[in-house]
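The values are calculated or read from the model by the stated rules, or taken from the named source; none is laboratory data. Note that the coordinates shown come from a computational prediction; the quantities given were computed from them, not determined experimentally. Glycine also receives a Cβ, built like all others from the backbone with ideal geometry; neighbour counts cover every protein chain displayed. These area figures cover heavy atoms from the full protein model, side chains too; ligands, DNA and RNA do not enter into them. Shrake-Rupley method; radii C 1.70, N 1.55, O 1.52, S 1.80 Å.
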Amino acid sequence: MKELIKDIGIAVIVVVITLQFFQTTEVVGSSMEPNFHEKDYLLLDKTAYQRHDPEIGDVVVFKSKLTGSNGKKELLIKRVCALPGDHVKITGGKVYINDQEQDESFTKDGMTTGEIDVTVPDGCVFCMGDNRADSVDSRFESVGFVKIDKIKGKVVFRFLPFESFGRVSSIGDAMKAK
């Protein structure tokens, strides 16, 4: 009996410590296709940006300004596309960061809708979904720039579906200028 109590105690301690650093989330909607799909089950590193700044290509979950049907602020999953001080221009279906055309081959349609010409303020990032035609993101006033302190965590692991089980890596290198 002592061993069982000890094992349960250790398990509870491990769970409590894990929940301090990590959180699970489920993808809702199609805004991150083709790289993430509805009902993908993900693990967030809640402390990632306490250790370092966000990087281009990171997939993050953040509390948005949008309000859900339950009256609470919606959590969104998007990709970091520009950092503080970066100049973002979207025109003719192409994305330019600091006047360099970006490789959009990882997106669903390989192009980005909208017309934007902004500079990302300090303490914020510019985020977009990978399915640019079906994503409400930093291109829209209703979301706007994402304050780094509103980021709940960086996506680091995918549990479901099982065929995609494993570590989620940034595709920052794939997003570099053409």
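Just a few scattered comments:
- Screening C124 with (1) at pLDDT 95 or above; (2) of a type outside the set (D, E, K, R); (3) more than 24 Å from K63 (Cα to Cα); (4) surrounded by 14 or more Cβ atoms within 10 Å (Cβ to Cβ) gives one miss only, at (3).
- The residue pairs whose first member lies in segment 40-67 and is more than 19 Å from C81 (Cβ to Cβ) and in contact (Cβ under 8 Å) with a residue 60 or more places away in the chain, whose second member is of a type in the set (G, A, S) and not in a strand (DSSP E or B), and whose beta carbons are closer than 9 Å, counting only pairs six or more residues apart or on different chains, are D40/S164.
Each row is one residue, and each column tells you yes or no for (1) within 18 Å of I151 (Cβ to Cβ); (2) of a type outside the set (G, A, S); (3) in contact with a Lys or Arg (Cβ under 8 Å, 6 or more places away or on another chain); (4) open to solvent by less than 60 Å² (accessible area, probe 1.4 Å).
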position	(1), (2), (3), (4)
R51	yes, yes, no, no
V61	yes, yes, yes, yes
C81	yes, yes, no, yes
S105	no, no, no, no
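- So D117, is it open to solvent by less than 10 Å² (accessible area, probe 1.4 Å) and in contact with a strand residue (DSSP E or B) (Cβ under 7 Å, 6 or more places away or on another chain): no
- Meets criteria (modelled with pLDDT of 90 or more, open to solvent by 50 Å² or more (accessible area, probe 1.4 Å) and under 21 Å from V146 (Cα atoms)) for D109: no
- Looking only at residues of segment 15-64 that are among the aromatic types (F, W, Y) and modelled with pLDDT of 90 or more, we find that the one that is farthest from T107 (Cα to Cα) is Y49.
- From the list S142, S105, the one residue that fits, being more than 16 Å from the chain's Cα centre (by Cα), among the polar types (S, T, N, Q) and closer than 16 Å to G29 by Cβ, is S142.
- Search result, residues across segment 145-155 that are outside any helix (DSSP H, G or I) and open to solvent by 10 Å² or more (accessible area, probe 1.4 Å): F145, K147, I151, K152, K154
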